[in-house]
Amino acid sequence: MKTSTKIGLLSSLYLSQGLPYGFFTQALPALLRKQGMSLPDIGLTHLLALPWALKFLWSPLMDRYGSERLGRRRGYILPLQLLSAGVLLLLALPSGGVSTPLLMAMVLGVNLLAATQDVATDGMAVNLLSEREMGLGNGVQVAGYRVGMILGGGLMLIVFDAAGWRPTLLSLGAILLLATVPIALYREPPSAPPAPESVGLSWWIRRPGSAGWLLLLVIYKAGESLATGMLRTFLVDAGLSLTDLGWMLGGVGFTTGLVGALVGGALVNRLGHRRALILFGITQAGAVLLYALAARGATLPMLALVCGVEHMTSGMATATLFTVMMAKSRPEYAGTDYTVQASLVVIATGSAAAVSGYTAQALGYAGHFLLAAALCAVGVVFVLLTFHPPRTLSLPGTPEVSS
C-alpha cells in the first residue's frame, strides 16, 4: 500500500474523530458562556469526555475479536463512524436546539462512539505505518485531528452565528458522512488475532522502566490542556463575537495547527525522540505564557497571533508525543498498547480541563495561564530527568535514529 494512500485514509479517520470532539469541547463552551453558564460549570463539561480516558478497559477485547468479513479494524471503525454521524443528525431535528441535559447525554454518547472507534483506528495506524513512516504518519494524524477540531470548533461557530442550531448540526453530520467514504472503500487485509497474553495496563506495570514513561504521559500535555480549557471563555469575555472566535480558530488555528503538526512529525526522527520532546515542550510552555501576557490586555490582532503560536507549538509537541507512543506499542497488540498510553494522556488533560474553570475563577485569566505555563515547564523538566532512550535505534531497512 502506497504511503500516500495510507496517509489519505488515516487523515480522513482522524478528521472524523476531531470533528464532533472539536464542536463539543471548543464551540460548545463558547455557546454556553454566551448563555451565561459559570466558568466552573463549563469546565466540568469536559468530564463528558470520560470514555476517552476509560477506553483502555475494552481495547483488549477489540484487539482480540474482530469481523473477518469487514476487517479486524475496519469492522469496528465503519459502523461506529456511521452511528456518530447519525447521532449528530438526530441532534439537528429540533429546530431550536435541545435541552441542556439531553445535549450533555448526547455529547457523552458521541464521545463513547468516537473513543471506541479511536482504539481500532490507532491499531490500524500502527499496523499500516512502517518505522520510517511513523513520524510523518503521526504528524498527519495530529493534523487531521486538528483540522477536524477546527472545523467543528471554529467553522461551526460561524455557521451557528449565521444560521442557528439545525444547519450547524446538519453540516457536522454531512461532513462526517463524507469523511466515511475512504474507510468504506478500503479493503483491510485479513489478519489473525494475537494469542492471549498479558495486555493492557498490567503489561505496562510489569514492563521494566515503564513507570517513568507513564508518569511523563500524565504530565507532558496537562499544562496546555489547563490553559486551553478556558481559552474560548477567555476570548468570549475579551469581547470577541462568535464569528470573530470562529475565524480565529478556523483560520489562524487551522493553518498554524496544521503546519505545527506536520513540522513536528517531520522533525521528530531527525531530532531524536528525547530532543524533540524537550524542544517542542519548551516552545509549548512559552506559547502558553503568551496567553498570560495577552490576558493583561491585548488587541484582536495580538490575540490572533498568540492563538496561532499556541496552535503551532501544540501541534509539534503532540505529534512528537504520539510518535513515541506508537514506537513503544507492540504491533500485535497495537490497539491496546497505544490506547493505554493515550488514555493516560486523556485522563491528565481531561482532569486539567475540568478544573480549569476553578483556577481561572480563583486566579483570574492571567494567573490561570501563568499556572498552566509553569505546569508545561514541569513536563519539560520531567523529560530531562527521566526519559533516556537508547542513543540509536537501528532496524532492518531503516536509518539510525538518534535519541
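The values are calculated or read from the model by the stated rules, or taken from the named source; none is laboratory data. Predicted model only: the values in this text are computed from it and were never measured. Backbone-built Cβ (ideal geometry, glycine too); neighbour counts: all protein chains shown.
Listed residues GLN35, GLN81; which is of a type outside the set (A, V, I, L, M, F, W, C) and without any contact (Cβ under 8 Å) to a residue 40 or more places away in the chain?
Exactly one of GLN35, GLN81 is of a type outside the set (A, V, I, L, M, F, W, C) and without any contact (Cβ under 8 Å) to a residue 40 or more places away in the chain, namely GLN35.
Would you mind finding the one in LEU293, LEU289 that is surrounded by fewer than 22 Cβ atoms within 10 Å (Cβ to Cβ), within 17 Å of SER225 (Cα to Cα) and out of contact with any Gly (no Cβ under 9 Å at 6 or more places or on another chain)?
The unique qualifying residue is LEU289.
Which of the residues belonging to region 18-40 are at pLDDT 85 or above and either polar (S, T, N, Q) or touching a His at 6+ places or on another chain (Cβ under 9 Å) (or both)?
None; the set is empty.
TYR358 is checked against (1) within 20 Å of PRO51 (Cβ to Cβ); (2) in contact with a Pro (Cβ under 7 Å, 6 or more places away or on another chain); (3) at pLDDT 90 or above and fails just one. What number does that condition carry?
So the condition that TYR358 fails would be (1).
Just checking, does region 297-306 include any residue being of a type in the set (S, T, N, Q) and assigned to a helix (DSSP H, G or I)?
Initially, region 297-306 is screened for residues of a type in the set (S, T, N, Q), giving 299.
Within this subset, residues satisfying the condition of being assigned to a helix (DSSP H, G or I) are none.
No; the residues of region 297-306 include none that is of a type in the set (S, T, N, Q) and assigned to a helix (DSSP H, G or I).
Give region 185-225 a look and list any residue that's in a loop (DSSP other than H, G, I, E, B), touching a Ser or Thr at 6+ places or on another chain (Cβ under 8 Å) and at pLDDT below 90, or say none.
VAL199, GLY200
Let me confirm something: among ARG274, ARG330, ARG270, which residue is touching a His at 6+ places or on another chain (Cβ under 9 Å), surrounded by fewer than 19 Cβ atoms within 10 Å (Cβ to Cβ) and either of a type in the set (A, V, I, L, M) or at negative phi (or both)?
Result: ARG274 is the single residue among ARG274, ARG330, ARG270 that is touching a His at 6+ places or on another chain (Cβ under 9 Å), surrounded by fewer than 19 Cβ atoms within 10 Å (Cβ to Cβ) and either of a type in the set (A, V, I, L, M) or at negative phi (or both).
Do we have any residue at all in region 263-282 that's over 17 Å from TYR14 (Cβ atoms), polar (S, T, N, Q) and part of a helix (DSSP H, G or I)?
The answer is yes; a qualifying residue exists.
Test GLY257 against the stated conditions and say whether it is in a helix (DSSP H, G or I) and under 30 Å from PRO79 (Cα atoms).
It is true that GLY257 is in a helix (DSSP H, G or I) and under 30 Å from PRO79 (Cα atoms).
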